[in-house]
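Reading through the structure tokens given below for one structure.
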């Protein structure tokens, strides 16, 4: 379990190491290193998803580690409240950025192992805090530093950390 303490409230996440072991290990290594602390939700599309893991306030990029293999063929679907890895058009380019689906986005699911069919790897879900996710998704956005869909007011991840299942943060 991972807690994201954000400027809009707390989001509790459960990862799925059974179905996405490489992705889960990668995500937890960023959490454990403090990589996400101080980053913003830099891409917010109200009927699609909210994304973080790449930029600080004023859109300063934070350099991630090496990309990981795409595990989207794990049978999990991009449904509302799930976590998925962000990537470029190339299927095996996910590193630190991830998003929370705010709608059912089945069009992002794996269909086959081709350039267009790989999909986006689901590796967990929101356990508590969908009200926070919904507050973030409703925020007004603008274009900033060459990026679209950036919240007008920064939504900051103050702290990301692990807790044991059942432990209260």
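Please verify whether residue 106 is over 14 Å from the mean Cα position of the chain (by Cα), free of Cβ contacts under 8 Å to residues at least 40 places away in the same chain and surrounded by 13 or more Cβ atoms within 10 Å (Cβ to Cβ), treating the condition exactly as stated.
Details: over 14 Å from the mean Cα position of the chain (by Cα): yes; free of Cβ contacts under 8 Å to residues at least 40 places away in the same chain: yes; surrounded by 13 or more Cβ atoms within 10 Å (Cβ to Cβ): no.
When the stated conditions are applied, residue 106 does not pass them.
Residue 127 is checked against (1) crowded, with 20+ Cβ neighbours inside 10 Å; (2) more than 27 Å from residue 59 (Cβ to Cβ); (3) touching a strand residue (DSSP E or B) at 6+ places or on another chain (Cβ under 7 Å) and fails just one. What number does that condition carry?
Tallying (1) crowded, with 20+ Cβ neighbours inside 10 Å; (2) more than 27 Å from residue 59 (Cβ to Cβ); (3) touching a strand residue (DSSP E or B) at 6+ places or on another chain (Cβ under 7 Å), residue 127 fails exactly one: (1).
What residue, among those in the stretch 42-68 that are in contact with a helix residue (DSSP H, G or I) (Cβ under 6 Å, 6 or more places away or on another chain) and part of a loop (DSSP other than H, G, I, E, B), is farthest from residue 160 (Cα to Cα)?
46
Please pick out the residue among 104, 116 that is modelled with pLDDT under 95 and not in a strand (DSSP E or B).
Criteria check complete, one pass: 116.
Under the condition of being in contact (Cβ under 8 Å) with a residue 60 or more places away in the chain and in a loop (DSSP other than H, G, I, E, B), which residue from the stretch 119-145 is farthest from residue 24 (Cα to Cα)?
If we take residues in the stretch 119-145 being in contact (Cβ under 8 Å) with a residue 60 or more places away in the chain and in a loop (DSSP other than H, G, I, E, B), then 145 is farthest from residue 24 (Cα to Cα).
What's the number of the only condition in (1) part of a loop (DSSP other than H, G, I, E, B); (2) touching a residue at least 60 places away in the same chain (Cβ under 8 Å); (3) within 26 Å of residue 8 (Cα to Cα); (4) over 11 Å from the mean Cα position of the chain (by Cα) that residue 96 fails to meet?
With (1) part of a loop (DSSP other than H, G, I, E, B); (2) touching a residue at least 60 places away in the same chain (Cβ under 8 Å); (3) within 26 Å of residue 8 (Cα to Cα); (4) over 11 Å from the mean Cα position of the chain (by Cα) applied to residue 96, the lone miss is (4).
Exactly one condition in (1) exposed (fewer than 14 other Cβ atoms within 10 Å of the Cβ); (2) part of a loop (DSSP other than H, G, I, E, B) is not met by residue 148; state its number.
Only one criterion is unmet by residue 148, namely (2).
Among the listed residues 29, 90, which satisfies the condition of being in a helix (DSSP H, G or I) and out of contact with any strand residue (DSSP E or B) (no Cβ under 9 Å at 6 or more places or on another chain)?
Working: 90 fails: in a helix (DSSP H, G or I).
Sole residue among the options that is in a helix (DSSP H, G or I) and out of contact with any strand residue (DSSP E or B) (no Cβ under 9 Å at 6 or more places or on another chain): 29.
Keeping to the stretch 157-169, report how many residues are assigned to a strand (DSSP E or B) and either modelled with pLDDT under 95 or buried (at least 19 other Cβ atoms within 10 Å of the Cβ) (or both).
Within the stretch 157-169, residues that are assigned to a strand (DSSP E or B) and either modelled with pLDDT under 95 or buried (at least 19 other Cβ atoms within 10 Å of the Cβ) (or both) number 2.
Looking only at the stretch 78-87, which residues are part of a loop (DSSP other than H, G, I, E, B), at negative phi, crowded, with 17+ Cβ neighbours inside 10 Å and in contact with a strand residue (DSSP E or B) (Cβ under 9 Å, 6 or more places away or on another chain)?
Of everything in the stretch 78-87, those that are part of a loop (DSSP other than H, G, I, E, B), at negative phi, crowded, with 17+ Cβ neighbours inside 10 Å and in contact with a strand residue (DSSP E or B) (Cβ under 9 Å, 6 or more places away or on another chain) turn out to be 78, 86.
I'm trying to understand the selection: among the residues of the stretch 20-33, which are touching a residue at least 40 places away in the same chain (Cβ under 8 Å) and surrounded by fewer than 17 Cβ atoms within 10 Å (Cβ to Cβ)?
21, 22, 28, 32
The values are calculated or read from the model by the stated rules, or taken from the named source; none is laboratory data. Note that the coordinates shown come from a computational prediction; the quantities given were computed from them, not determined experimentally. We place every Cβ from the backbone using ideal geometry, glycine too, and count neighbours over all the protein chains shown.
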